[in-house]
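First, the structure itself, so that you have it in front of you.
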Amino acid sequence: MLHEVAATDLDSTNIVSTIRRLLRRVTFFHGESDAIDLEQRRVEVSHGHENHSHASPYDYLVLALESTTTFYNIPCLADRALTMNSLSDAVFL
């Protein structure tokens, strides 16, 4: 729906809900997983500017992958391209 926000056909508030509001009975943690112990149901995570690391137990584990735009090492393309990977990109366009 990002293209609809960029074209001003849809207001951004109609497509955005915070993850914590959607999952009220869930403990949500945003970080990078360093290791997963499936038998012990623990995940080693790192987060923050200093990459603080610790192990957390889990009942259910949801892994979400991140994506980035590839510019194929074309000089200056990353500085001049307009991407639409996020809500802020769509609002900017």
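Nearest 20 debye, what's the magnitude of the dipole of the chain about its Cα centre given +1 on Lys and Arg Cβ and -1 on Asp and Glu Cβ?
320 debye
Longest exposed-loop-site-free stretch of the chain, with GluC sites (Glu not before Pro), DSSP loop and at most 13 other Cβ within 10 Å?
Details: sites that count: GLU39, GLU50, GLU66.
For GluC sites (Glu not before Pro) (loop position, at most 13 other Cβ atoms within 10 Å), the longest site-free span of the chain is 1-38.
Counting only trypsin sites (Lys or Arg not before Pro) that are in a DSSP loop and have at most 16 other C-beta atoms within 10 Å, tell me the longest site-free stretch of the chain.
With a cap of 16 other Cβ atoms within 10 Å, the longest stretch comes to 42-93.
Can I ask one more? Around MET1, with a cut-off of 15 angstrom between Cβ atoms, what is the net charge of the other residues, counting Lys and Arg +1 and Asp and Glu -1?
Overall, the nearby charge balance is -4.
Right, another one. Quick check on the exposure proxy: order TYR58, TYR72 from fewest to most C-beta atoms within 10 angstrom. Walk me through the numbers on the way to the answer.
Working: TYR58 13, TYR72 5.
The order, fewest Cβ neighbours first, is TYR72, TYR58.
Another question, then. Bin width 10 Å, alpha-carbon pairs only: give the P(r) of the chain as whole percents, running from 0 to the bin holding the largest distance.
13, 28, 30, 23, 6
Once you place label points 7 Å from the Cα toward the Cβ at THR70 and ASN14, how far apart are they in nm?
It works out to 3.5 nm between the two label points.
Add -39500 (n - 2.57) for each DSSP H run of 4 or more in the chain, then divide by its residues: what number comes out at 222 nm, to the nearest 500 deg cm²/dmol?
Values: 4 runs with 19 residues, N = 93.
Value at 222 nm, helices only, nearest 500: -3500 deg cm²/dmol.
Read-outs: derived from the displayed coordinates by stated rules, not from any lab. Just so you know, these numbers come straight off a predicted model, no measurement behind them. All Cβ positions, glycine included, derive from the backbone under ideal geometry; neighbour counts span all protein chains shown.
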